[in-house]
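What follows is one structure encoded as C-alpha cells, with my remarks underneath.
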Amino acid sequence: MSDPQSIRRIVLTGFMGAGKSTIGPLLAKHLNWDFVDTDNVVESRAGKKVAQIFAQDGEAAFRAIEAEVIRGCCGREGIVISLGGGAIETESTRELLARLEDTCVVFLDAPLEVLVARCLAQTNAEERPVLGDREKLLRRFSSRLAHYRNAHITVATPELAPDQVVDRILAEMPGIVPSRADF
Ligand code: S3P
C-alpha cells in the first residue's frame, strides 16, 4: 500500500452483504471525501436496475458496463468507491486495482452464511440476481476469495458495528489526509 498520506482513493471490495454500501458513506463522511457505489452508476448509465440488466442483457453486458464505470471512478481523487461483489471477476478491473497508485483496496470479509443472512434480511434481496442463483453462489464465493484477499487491508466484519469497521480501516492508514473542509 502507498504511504497513507498519499492515499486519495479507498476501494471497498467483498461479497454481497459485506457492508460496502453501509461502510462506504460513513468512511467518506469521516474523510470529507466523495462516495460512489458503482452499482448505482451502472444503473443510471443503463437506465435500469442491475437485476433488469442481468435479465434482459445478460451478466456479461453488466460486467462490461461495470468495468467501464469502475475505470471512470478510479480516475477521481478524494473518493471512497464501493464495488459490486463480482467486480473483481473482471480481469481488467483486477489489473487496474493492482496498478493504481495512491489507492487503498479494502476487503470487507465475512463467512458466506453471514453474508447470505445479511442479504436476506434486506428488503432488496430480490434485486440481487446472483443471490437468487444458489447453486452457483458457493462456487462464486470460493473463486472470488483469492481476488478479494489481494486487497491491501482485510477487515473481518461479523463482530463489528459499522463505526468500528470504519475505525479499523482508518487505523490501518494513520496520517490519511481528509479533504480541506475538515482542516
Ligand atoms: C453482484 C453483486 C452486486 C451487483 C450485482 C452482481 C455479484 O453488488 O453488482 O448484483 O456478482 O456479486 P453488491 O455486492 O453491492 O450486492
Notebook entry, point to check: Mean separation of Cα pairs under 8 Å and 6+ residues apart, divided by the residue count of the chain: what relative contact order is that in percent?
Noted result: 37
Checklist line | Cleavage-rule hits, trypsin sites (Lys or Arg not before Pro), the stretch 8-88, DSSP coil, Cβ neighbours within 10 Å at most 15 | finding: Lys48, Lys49, Arg76
Next item on the list: Using the charge dipole of the chain (Lys, Arg: +1 at Cβ; Asp, Glu: -1 at Cβ; taken about the Cα centre), state which of Ala117, Gly175, Gly19 has its Cα farthest towards the positive end.
Entry: Ala117
Notebook entry, point to check: So which trypsin sites (Lys or Arg not before Pro) in the stretch 79-183 end up in coil per DSSP with only 12 or fewer other C-beta atoms within 10 Å?
Noted result: Arg149
Check: Magnitude of the Cβ-charge dipole of the stretch 4-170, K/R +1 and D/E -1, about the Cα centre, nearest 20 debye?
Finding: 120
Next item on the list: Exposed loop GluC sites (Glu not before Pro) only (DSSP loop, at most 11 other Cβ atoms within 10 Å): please give the longest stretch of the chain free of them, not including the sites.
Entry: 1-100
Item checked: Estimated FRET transfer efficiency when R0 is 45 angstrom, pair Glu91-Thr123 (beta carbons, to 0.05) -> 0.85
Notebook entry, point to check: Which residue, chosen from Ala61, Ile79, Leu145, occupies the Cα position most advanced towards the positive end of the dipole of the stretch 4-170, where the dipole is computed from +1 (Lys, Arg) and -1 (Asp, Glu) charges on Cβ about the Cα centre?
Noted result: Leu145
Check: Roughly how compact is the stretch 4-170, stated as its Cα Rg over 2.2 N^0.38 Å to two decimals?
Finding: 0.97
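Any read-out appearing in this document is the output of simple, stated calculations on the displayed coordinates, not a laboratory observation. A quick note: this is a predicted structure, and the numbers were derived from the prediction, not measured. Note that each Cβ is placed from the backbone with ideal geometry, even for glycine, and that neighbours are counted across all protein chains shown.
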